[in-house]
Amino acid sequence: NELISGGIDIAVHSCKDLPTEMPVGLVLSAFSRREDPRDAFIGAGSGHRQLSDIREGGKIGTSSLRRRSQLKALRPDLEIVDIRGNVDTRIRKIGELGLDGTILAAAGIRRLERESEVSFFFTAEQMIPAVGQGVIAVEACEDDLQVRSLLTCFNDGDSALAVTAERALMRELEGGCQVPIGANAVVYEDTLVLNAYLGSLDGADSVRDQIEGPADKAEELGVELARRMYKAGGDKILVALRSAD
């Protein structure tokens, strides 16, 4: 690892792509102000203005377990086609594979200035975003206090609290395996509201819940909501997912 060896001082990541557990000796030291956390639908034609406009049995491209699960929960009739690659590749595959559309992070679409191609945005409650979606995270060595001090000028306090709550929930539920989890926290002054989703791959079984509390208790709120969801049926979903691996 370049950070640990001293080859670089910081590493910059899309927060939603980070592993649940950070490597020993490394920490997330700063978080950008959050870009739009929602998911965007890019359709094959101009007739898609909402989810109900997608034809019966339509084919939607995504490799995300979270999007697959929530989309199937909302529209069980849709066929999910696994596609991977960057934004350009996934949009191109709509035509190549005869898809009705694909789902991408609104933040990436906006940063690439391709918002004009979006058919519609899912609400953050309808399609709960990935943990950390829309946030850029900066990783540094835990003992490099000078670098970590310099990063404080970049850090957005509300994003840091939101991501702390979301990652705490993910750690508590995921246990290191691939699970369809969505979590989105919003800070309103001193209050944090966290919405979360846990579902089966086919969306037939799912748990959605919300918690609200003091923003300075972000980690505790994430853990509490995860445990509540586990007791509300999340345990059975997790057992089924792990036995399928």
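Computed values, structure above
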{"quantity": "Those residues of the range 76-87 which are assigned to a loop (DSSP other than H, G, I, E, B), open to solvent by 30 Å² or more (accessible area, probe 1.4 Å) and free of Cβ contacts under 8 Å to residues at least 40 places away in the same chain, in sequence order", "calculated": "D77, D82, R84, G85, N86"}
{"quantity": "Any chance L198 is more than 16 Å from the chain's Cα centre (by Cα) and either in contact (Cβ under 8 Å) with a residue 40 or more places away in the chain or surrounded by 17 or more Cβ atoms within 10 Å (Cβ to Cβ) (or both)", "calculated": "no"}
{"quantity": "Residues (more than 20 Å from the chain's Cα centre (by Cα), surrounded by fewer than 14 Cβ atoms within 10 Å (Cβ to Cβ) and either farther than 16 Å from D144 by Cα or hydrophobic (A, V, I, L, M, F, W, C) (or both)) located in the range 9-28", "calculated": "V24"}
{"quantity": "Residue match in the range 156-163 (condition: at pLDDT below 95, acidic (D, E) and out of contact with any Gly (no Cβ under 6 Å at 6 or more places or on another chain))", "calculated": "no"}
{"quantity": "Residue check for V207: under 21 Å from R242 (Cβ atoms), part of a helix (DSSP H, G or I), of a type outside the set (D, E, K, R) and open to solvent by 10 Å² or more (accessible area, probe 1.4 Å)", "calculated": "no"}
{"quantity": "Hits in the range 29-57 - residues which are closer than 22 Å to Y197 by Cβ and either open to solvent by 30 Å² or more (accessible area, probe 1.4 Å) or out of contact with any Ser or Thr (no Cβ under 6 Å at 6 or more places or on another chain) (or both)", "calculated": "R34, E35, D36, P37, R38, D39, A40, Q50, L51, S52, I54"}
{"quantity": "Yes/no for E96 being out of contact with any strand residue (DSSP E or B) (no Cβ under 9 Å at 6 or more places or on another chain) and either open to solvent by less than 70 Å² (accessible area, probe 1.4 Å) or closer than 15 Å to I60 by Cβ (or both)", "calculated": "yes"}
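The values are calculated or read from the model by the stated rules, or taken from the named source; none is laboratory data. None of the values given here were measured: they were computed from a predicted structure. For neighbour counting, all protein chains shown are included, and Cβ atoms are generated from backbone atoms with ideal geometry for every residue, glycine included. For accessibility, only protein heavy atoms count, side chains too; no ligands or nucleic acids. Shrake-Rupley method; radii C 1.70, N 1.55, O 1.52, S 1.80 Å.
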